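Report on one structure; see the data block that follows.
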Amino acid sequence: MENLTLQKSIEISNELEKDLKINPGKYKILSGFRPTGNLHLGHYFGALANRAELQKLNIEMFFLIADYQVLTDHDNCDKISQSTKELLIDYYSAGIDLDNEKTFIYPHSYVPEANQLLVPFLTLVSMSELERNPTVKEEIQSAGISVVNAGMFCYPVHQVADILSVRANVIPVGADQLPHIEMSRVIAKRFNNKFCKEKPLFEEPKALLTKVLRLQGLDGDKMSKSRGNSIMLKSTREEIINVVKKAKTDSERFITFDPENRPDVARLLTLISLTSGRNEVDVANEIGNGGAKMLKDMLVESVDKFLTPIRKRRKELENNPEKIKEILFRGVDKAREEATKTLVEVRKVMNMCI
Ligand code: TRP
């Protein structure tokens, strides 16, 4: 399988970003998330804010909830249904319009026609290609699993079925997902070559790389709920205070913005900047001799204010399970409609109609 370098992927993504604004009609976006828990500020600035921006381009958007993928590395699956709904609420609270007639959100386990595409697609890749996937290898390592189930090696192909079933051609992702998007291009190409060379059925999807690649947690580690170092979209003021209290700073009193030499202080300033829209250096200048105490107080205020409208939106849906169901089933209906059309075409070119 050809491997695009990161540099090349960034170039393609930048071109795509420009063209999305010029020719929105050419595109269909699909973005996916695993339902494994609530979203935090890292997700917001890394992905959700950008998805809300994309929505303004008036392009058809599919938000896929990858519930099947949770089975690949989680023993504990008793919360998938709850996490699916929480994920939807997090999206909505972050300002994503789920009533929009061009936006659809759904769990992929509810779309049998898409899942069916997995069967022919699996025959288009080799075992060694599956075993070589760097993201899968990384996941196996970090989850520390000794007996790896076949679903772990095959989920990237399932992801290709997610994408191609609704004919999405723009996939907003972080760099870790690039091997999977590459696989969707390879499978689209091989399918066309094998079954419909004259009249290619599938377009090769492109990755739209997310800008802020990774926002660290307040202790300098990756933001993660289990480490207790992150601020969730649903955090209350008290919860914010608790996380901020534990945040690392340094021993120098005078606050300056110096990411290289003072990463701990810089991290907090960046969070203030992101949540207030102010420049980091201006914030640092204002604090100056106020030290870590003032820095942390400002951080609490800034994040709390930022989350206020988000919490309000969350309430609108949280108390309305009927509405949540309605939104999910509207998504399921649309995804099934698209996937059924695709499956009919696929059967035709594979000469399997009866
Ligand atoms: N693998 C993605 C993740 O871990 C989730 C996902 C599933 C996805 N299907 C997708 C992403 C299709 C993009 C396109 O977050």
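The numbers here are math on the coordinates, done by the rules we state, and not lab data. None of these values were measured; they are calculated from a predicted model. We place every Cβ from the backbone using ideal geometry, glycine too, and count neighbours over all the protein chains shown.
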Inset, instruction - Please build a GNM for the chain, connecting alpha carbons under 10 Å apart, and tell me which residue among S276, S126, S230 fluctuates the most. - result: S126
Inset, instruction - Taking the chain as the reference, fit the longest principal axis to its C-alpha atoms, fit the long axis of helix 291-318 to the helix C-alpha atoms, and give the angle between the two in degrees, 0 to 90, nearest 10. - result: 40 degrees
Legend entry - Helix 263-276 vs. the chain, principal-axis angle (Cα, 0 to 90°, nearest 10): 80 degrees
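Quick check for me: using +1 on Lys/Arg Cβ and -1 on Asp/Glu Cβ, what's the dipole size of segment 87-185 about its Cα centre, in debye to the nearest 20? All intermediate terms of the calculation are to be shown ahead of the outcome.
Numbers: 5 positive and 12 negative charges, 57 e Å.
Here the size comes out at about 280 debye.
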Legend entry - Centre separation in Å (Cα based) which lies between segment 257-324 and segment 17-79: 23 Å
Legend entry - Per-pair calculated FRET efficiency, R0 = 41 Å: N261 and T340 via Cβ, rounded to 0.05: 0.10
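What GluC sites (Glu not before Pro) in segment 29-121 are in a loop by DSSP, with at most 16 other Cβ atoms within 10 Å of the Cβ? Please list the in-between numbers first.
Details: sites: E53, E60, E86, E101, E113; in loops: E101.
In loop regions of segment 29-121 (DSSP not H, G, I, E or B), the sparsely surrounded GluC sites (Glu not before Pro) are E101.
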Inset, instruction - Sort M183, M127, M350 so that the residue with the fewest other Cβ atoms within 10 Å of its own Cβ comes first and the one with the most comes last. - result: M127, M350, M183
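Note down the magnitude of the dipole of segment 210-322 about its Cα centre, charges +1 on Lys and Arg C-beta and -1 on Asp and Glu C-beta and zero elsewhere, to the nearest 20 debye. Write down the numbers at each step before the final one.
Working: 22 positive and 18 negative charges, 83 e Å.
With only Lys, Arg, Asp and Glu charged at Cβ, the dipole is about 400 debye.
Using only DSSP helix segments of four residues or longer, with each worth -39500 (n - 2.57), what per-residue ellipticity at 222 nm results for the chain after dividing by its residue count and rounding to 500?
Details: 15 runs with 193 residues, N = 354.
Computed mean residue ellipticity for the chain: -17000 deg cm²/dmol.
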Inset, instruction - Name the residue, out of E138, E198, E322, whose mean-square fluctuation peaks in a Gaussian network model built on the chain with Cα pairs under 10 Å. - result: E198
Inset, instruction - Measure nothing fancy, just the Cα-based angle from helix 134-143's long axis to the longest principal axis of the chain, in degrees from 0 to 90, nearest 10. - result: 60 degrees
Inset, instruction - Quote the FRET efficiency, to the nearest 0.05, computed for E53 versus K246 with a Förster distance R0 of 22 Å and r equal to the Cβ-Cβ distance. - result: 0.10
Inset, instruction - Would you look at the GNM of the chain, springs on alpha carbons closer than 10 Å, and say which of K102, K197, K296 moves the most? - result: K197
Legend entry - FRET efficiency, K312 to D282 (Cβ-Cβ, R0 30 Å, nearest 0.05): 0.60
